[in-house]
Amino acid sequence: RTGQVALCLHGWSSSWYALSPLLPLLARRFRAVAVDLPGYGNSERLAERTTIVRYADLMARLIQDLSDSPAVLVGHSMGGMIAITLALRYPQLVDRLVLLCPTISGHLSTYINVVVSPITLLERHPIANSIVAALEPSMLQLTDRIMRPASFAERTEISDIDYVRLRADARRPGEGRVRAECFWAMRANNLEGKLSGIAHPTLVIWGMEDNTVPLRDASLIADEWPGAQLQVLPKAG
C-alpha cells in the first residue's frame, strides 16, 4: 500500500499483537505497520547487546525503507521511549507522535522493581533461565498472575484468548535475556531534560492504573514538554 506510514512500536515484554486493535483504525488513514522488535515475538534478537538507541536506529532505517516521507510513530511503554529517541536522533523522519504510557525516566514502577524484575534478572543468565524453564508450567502460571496486574487495569475487558496470545509472545526462546537487557537499557536511556528538544506534534495518553510505567513519568512530560497534549484516562492500564 501507498500512503503515509504509521509505525507502531510495542512495549517491554510484548509484541506487535498488543497494538493490533489499533491497526484497522489507523489503516483508514495511514499505511499502518506494526513490528516485533528484535528479540520479541518472531523477530531475532540483535547481534549486539540490546539498547534503546540501537532499536531507534533500526526503526529509522525501516522508515527509510518503507517511505520517502516522515512517519507517524505510535509507541507504547518502551516503544514510546524508542519513538522519542528516534524523534530526537532523526527529526526529519518523524511527522508526529502518539505515545501510550511512554517510558521517560527508564525507572519502572515499584511493582515491577519489587515483584517482576527479580524473575527478569534470573532469566538473563542461561543456567538460571534453564531452572526457570524446568519449573514450567507452574512457573508460567506464576508469571501470568504477576504480569496481569502490571499490564492491565482491574476493570480490563481483555479476553482470555487475547491474554493467552500476549503471554505466548512473551515466552519465545531467548526472550528472557532480551527482557533483562531492555530493563537496563531503559534506565540507561533516561530522557529527563531532553523532551523540550522535540518540536513534533505529540499526543500522550496515560492510564491511571498503569502499574508498569509510573504516573510520575507523566509529570515529567507536563513539566518539560509543554507542546505535548497529555490525556490521563481513568479505569485504564
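None of the figures in this text is laboratory data; all of them are computed from the coordinates on show. These figures come from a predicted structure and were not determined experimentally. Note that we place each Cβ from the backbone using ideal geometry, even for glycine, and neighbour counts take in every protein chain shown.
Taking region 10-64, which trypsin sites (Lys or Arg not before Pro) meet the DSSP loop condition and have no more than 15 other C-beta atoms within 10 Å?
Arg28, Arg29, Arg49
Let me test this: with uniform point scatterers at the alpha carbons of region 195-237, what is the Debye-based log₁₀ I(q)/I(0) at q = 0.20, 0.21, 0.22 1/Å?
With no solvent term, the Cα-only Debye profile gives -0.60, -0.66, -0.71.
Amide H of Val204 versus every other amide H placed in the peptide plane: which residues, excluding those fewer than 5 positions away on the same chain, fall under 5 Å?
Leu99, Gln229, Leu230, Gln231
How high is the FRET efficiency between Ser196 and Arg54 when r is their beta carbon distance and R₀ equals 30 Å, given to the nearest 0.05?
Numbers: r = 24 Å, r/R0 = 0.82.
The calculated FRET efficiency here is 0.75.
What value in Å³ per residue do you get for the convex hull of the alpha-carbon atoms in region 1-106?
97
With a sphere of radius 13 Å drawn around the Cβ of Leu203, what net charge do the other residues whose Cβ falls strictly inside it have (Lys, Arg +1; Asp, Glu -1)?
Every neighbour counted, the sum reads 0.
Please compute the modelled spin-label separation between Asp68 and Gln4, points set 7 Å along Cα→Cβ, answer in nm with one decimal.
That separation, rounded to one decimal, is 1.8 nm.
Lys/Arg Cβ at +1, Asp/Glu Cβ at -1, dipole of region 1-87 taken about the Cα centre: which of Leu7, Ser67, Leu26 is farthest positive-ward?
Most positive-ward Cα: Leu26.
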